[in-house]
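Worksheet for the structure shown next.
Just so you know, all these numbers are worked out from the coordinates, no wet-lab data involved. This structure is a prediction, so every number in the text was calculated from the model and none was measured. No Cβ is skipped: glycine too gets one built from the backbone with ideal geometry, and neighbour counts run over all protein chains shown.
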Amino acid sequence: MANGHQLRFYNSLGRQIEDFVPSAAVTGMYTCGPTVYAYPHLGNMRAYVFSDTVRRALRWKGITVRHVINITDVGHAVADTDTGEDKLELAAATERRSVAEIAAFYTGAFFDDLAALNVLPAAEYPRASAYVPQMIEFAATLEKRGYTYRLPSGLYFDTARDPRYGELAQLHAEGQREAARVEQVAGRRRKTDFALWRTEGPGRRRVMRWDSPWGWGAPGWHLECSVMSIALLGPHFDIHTGGIDHRELHHVNEIAQSEAYLADGQGWVPPWVRFWLHNEFLQLGAAKMAKSAGGAPRLADLTAAGYHPMAFRLFLLGGHYRSQLDFTTTALDAAQATLRRLAVRIRPLHPLPAAETLAAAATLQAAQAAQAAQPGARAAAALLDGIDAAIAADLSTPRILALLQDALRDPVLTQDGLRTVTAAADALLGLGLATLDPADLEQRRSAADLTAGERDQIERLVADRTQARQQHDWARADQLRARLDDLGVQLTDTAEGPVWQLR
Ligand SMILES: [Zn+2]
C-alpha cells in the first residue's frame, strides 16, 4: 500500500485531471474568502467545506499544507463591479454601524460557521485592509512596467498586454467574451480591463480611503488575493481554490496581474499557480445562491430548525464537488437520518483510533491483521485501499461515504478493523464521527416549520386543556396533554398561562 493511489485533481487550468505532485516541502494553498458585509449563506460555505476536503486529502497523503483564506473587508464594490460603493460601506450605512464593526461582526459569523462545520483552521486569515500599502506597491510596479493606464476613475490593468489573458476561463484570444458582470467604464480600452485602483470621484469621499499615486481611493477587489497570497505563500504556490463563479473573472484577473508582476520584465513566467480547483454551486430552487440576492438560508437557520451542522456537511459531501447540488429540506432530512444511523452504529466503537494519514491507517491495519482471522484482515485492507482510491480520484467523497456504509454492514470485519476503517473515512470526511452523539441528531422541528393548520390544532388543544383545568376536569386535562405529547409538543404551565414548544 506504501503511498497508495496517485493523488489526482481536476485542474481548471487546462480542464483536465492531472497527477498532483507537490513542488515544495510545504504545499501552499490559497482559498478566496468571504466579503464580510453580510452573513455567509449555505452556498458560500460549500467553498470552505470543499477546500477543507482538499486539505484532508493532502494530509491523508502525508503532504504538509500551508493554507491561507483571505477576509475581504475593503475594495469589493457592489455587484462585483469595478466602480461604485463598497459592499462594506453600503452595509455600514444601512445597518448604521461603522465599517469596522460590520467587518468584525460578519468575520465572526464566518468563523462560527467554519467551526460548526468542522473545517480545519487555516494558517492565516489575512484582512485586505491590512495590506493596502503592499497593494499600492504592487500596482505601482505594474504601472512602471507598462501594464496599466490611468483614467479619472482609477488605474486599470491593460489586458491587451497579456497574451495569455483569459486562459483559465478559456476566453477566446480576441473574442474577450463579455462577462455578465462587466460594467461600462468611461475610457476603458477593453471590456476585460479591470481596476487595480479605484480613485474617488469628485465630491465623493469614501469612508475607507488611502492616498496613492492615483489619488485618494481604494484598491480594486482582485488585487488583494494576488498581493496577500504572494506575501504569505511566496511568488509561486501549488493550489488555489474557490467557487466556480470566480473562474470566469476574479481568478482570471488574479492570474493576469500576478504573472505580469512576477514576469520582472522578462515577458514570460511559469504559471503563477499550478492547480486551480473550483467547486460548483449549491442551488436553491433554480437560482444560484448569491449573497447579493438576499434571503438565502444560512447555517444558523438550519440549526434553529433542529438540524445538526454535520447533516449539512454530509449533504454536501454526498455530492461530488464538481456537481451542482440542489438544496432541499428533503435532501437535508435524508442527510440527517443517514448521519443519525452512522452515529448509532459507530457510538459503540468509541474511542476511534487516530488514522489521519494513509500511512497511519495502514500501520494500524497491519498490526491488527497479525492477530485477526484472514478474511477480516483482507476486508479491512480492501476497504482502506478503496477509501484511498476514492480520495485520490479527484476527491470522491460520495464513494467514501458508500464505503463507510459498506464497512458498517460487513460481517467479516473485526471490531478493530471497523474502527480503523471508520477513523480513516472520517479523517477525510470530517464529520466528527469519533464524538458524534446520536442524541444530538433526533429530528427536531421548530414551531416556525408548522403549517397554519397544525398550529391551529395545537393552539386548540392547549386552550381546551386550560379550560378543562379551570373546570377541574383533571382526567380530560391529562388526556389532552397526552394528545399534545403525541404531537411532539412540550407544554409548560407558567404564571402567565401555558407555553408550548416542539421537542
Ligand atoms: Zn480571490
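So the values come out like this:
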| quantity | calculated |
| --- | --- |
| Degrees separating the helix 474-486 axis from the principal Cα axis of the chain, which is the longest one | 40 |
| For Trp197, residues with placed amide H under 5 Å, excluding near neighbours | Leu155, Gly220 |
| Hits among aspartates and glutamates - C-alpha to C-alpha of Lys87 under 14 Å, sequence gap 8 or more where chains match | Asp73, Glu95, Glu101 |
| Sequence-distant residues sharing a close amide H with Glu18 (under 5 Å, placed H) | Phe9, Tyr10, Asn11 |
| Which of Leu358, Gln371, Ala335, positive extreme of dipole for segment 280-400 (C-beta unit charges) | Ala335 |
| Using alpha-carbon coordinates, inclination of helix 358-371 to the longest axis of the chain, degrees | 40 |
| Cβ crowding within 10 Å averaged over residues, with 251-258, 450-457 ranked highest first | 251-258, 450-457 |
| Ratio Rg/Rh, restricted to the chain and using Cα atoms, in which Rh is the Kirkwood radius | 1.06 |
| At 0.692 mPa s and 37 °C, Stokes D of segment 1-86 from Kirkwood alpha-carbon radius, µm² per second | 212 |
| Antiparallel DSSP beta bridges within the chain, as percent of all bridges there, nearest 5 | 55 |
| In order through segment 129-144: 3J(HN,Hα) via Karplus (6.51 cos²θ - 1.76 cosθ + 1.60), integer Hz, x for Gly, Pro | 4, 8, 10, 5, x, 5, 5, 4, 4, 4, 5, 5, 5, 4, 5, 4 |
| Under 12 Å from Lys144, Cα to Cα: aspartates and glutamates that are on another chain or at least 8 residues apart | Asp264 |
| Long-range HN-HN contacts of Ala77 with modeled amide H, under 5 Å | Lys87, Trp221 |
